[in-house]
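Student: Quick one: the structure is below, questions incoming.
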């Protein structure tokens, strides 16, 4: 079987950032899949599942309510490797197009107080697996260390050797 493109990215050189993972034509419209990478794969500890789950709930809620972007949001969800999230959006987009949206999203998560939206037994398939303090810490770290200092190294996948 052929390796899928996302498995051909050199994860040993990949930095936290925002990357275009793929673009698909769906019903005549481009859908851009973004790799919202919060951790350096295989070089730093992955996100705790409870923190990532809480980030998922908060970011998805924020994005689907953002007045400018909500109609373009298709999906926000965690990566199985626990190093980030996928964001699918309508439109032929680049990381620079959504950088400020990601800054606002992670500011929302980093500063969130109160009950996590959708974290009740009737709303969530694993409502006990949430960690708001750790989600806030990880969001602030990603915001300050990556999003607010992003360069081309955080917005373009590493070149293949």
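The values are calculated or read from the model by the stated rules, or taken from the named source; none is laboratory data. In this text the structure is predicted, and so the values were computed from the model without any measurement. All Cβ positions, glycine included, derive from the backbone under ideal geometry; neighbour counts span all protein chains shown.
Student: Restricting to the range 132-150, name every residue that is in contact with a strand residue (DSSP E or B) (Cβ under 9 Å, 6 or more places away or on another chain) and either exposed (fewer than 12 other Cβ atoms within 10 Å of the Cβ) or in a helix (DSSP H, G or I) (or both).
Tutor: Restricting attention to the range 132-150, the residues satisfying the condition of being in contact with a strand residue (DSSP E or B) (Cβ under 9 Å, 6 or more places away or on another chain) are 142, 146-147, 150.
Passing the criteria: 142, 147.
Student: Another question, then. Restricting to the range 98-114, and then to whatever is out of contact with any helix residue (DSSP H, G or I) (no Cβ under 6 Å at 6 or more places or on another chain) and within 24 Å of residue 151 (Cα to Cα), can you tell me which residue is surrounded by the fewest Cβ atoms within 10 Å (Cβ to Cβ)? Working first, answer last.
Tutor: Going residue by residue through the range 98-114, those that are out of contact with any helix residue (DSSP H, G or I) (no Cβ under 6 Å at 6 or more places or on another chain) are 98-101, 104, 107, 111, 113-114.
Then drop every residue that is not within 24 Å of residue 151 (Cα to Cα), which leaves 98-101, 104, 107.
Details: 98: 21, 99: 17, 100: 11, 101: 20, 104: 16, 107: 16.
My answer is 100.
Student: What's the total number of residues in the range 2-20 that are over 16 Å from residue 40 (Cα atoms) and modelled with pLDDT of 90 or more?
Tutor: 1
Condition check ((1) within 17 Å of residue 137 (Cβ to Cβ); (2) in a loop (DSSP other than H, G, I, E, B); (3) in contact (Cβ under 8 Å) with a residue 12 or more places away in the chain) across all residues:
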| residue | (1), (2), (3) |
| --- | --- |
| 20 | no, no, yes |
| 25 | no, no, no |
| 30 | no, no, yes |
| 42 | no, yes, yes |
| 50 | yes, no, yes |
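Student: Additional query: Only one of these is in contact (Cβ under 8 Å) with a residue 60 or more places away in the chain, closer than 22 Å to residue 11 by Cα and surrounded by 15 or more Cβ atoms within 10 Å (Cβ to Cβ): 95, 117. Name it. Steps first, please.
Tutor: On the way: 117 fails: closer than 22 Å to residue 11 by Cα.
Of 95, 117, the one residue that is in contact (Cβ under 8 Å) with a residue 60 or more places away in the chain, closer than 22 Å to residue 11 by Cα and surrounded by 15 or more Cβ atoms within 10 Å (Cβ to Cβ) is 95.
Student: Could you grab me the full set of residues in the range 80-92 that are in contact (Cβ under 8 Å) with a residue 12 or more places away in the chain, under 18 Å from residue 56 (Cα atoms) and not in a strand (DSSP E or B)? Spell out how you get there, then give the answer.
Tutor: Taking the range 80-92 as the starting set, the residues that turn out to be in contact (Cβ under 8 Å) with a residue 12 or more places away in the chain are 81-92.
Checking which are under 18 Å from residue 56 (Cα atoms) leaves us with 81-89.
Correct list: 81, 82, 83.
Student: Can you tell me how many residues in the range 57-76 are assigned to a helix (DSSP H, G or I), in contact with a strand residue (DSSP E or B) (Cβ under 7 Å, 6 or more places away or on another chain) and either modelled with pLDDT under 95 or over 17 Å from residue 109 (Cα atoms) (or both)?
Tutor: Qualifying residue count for the region: 1.
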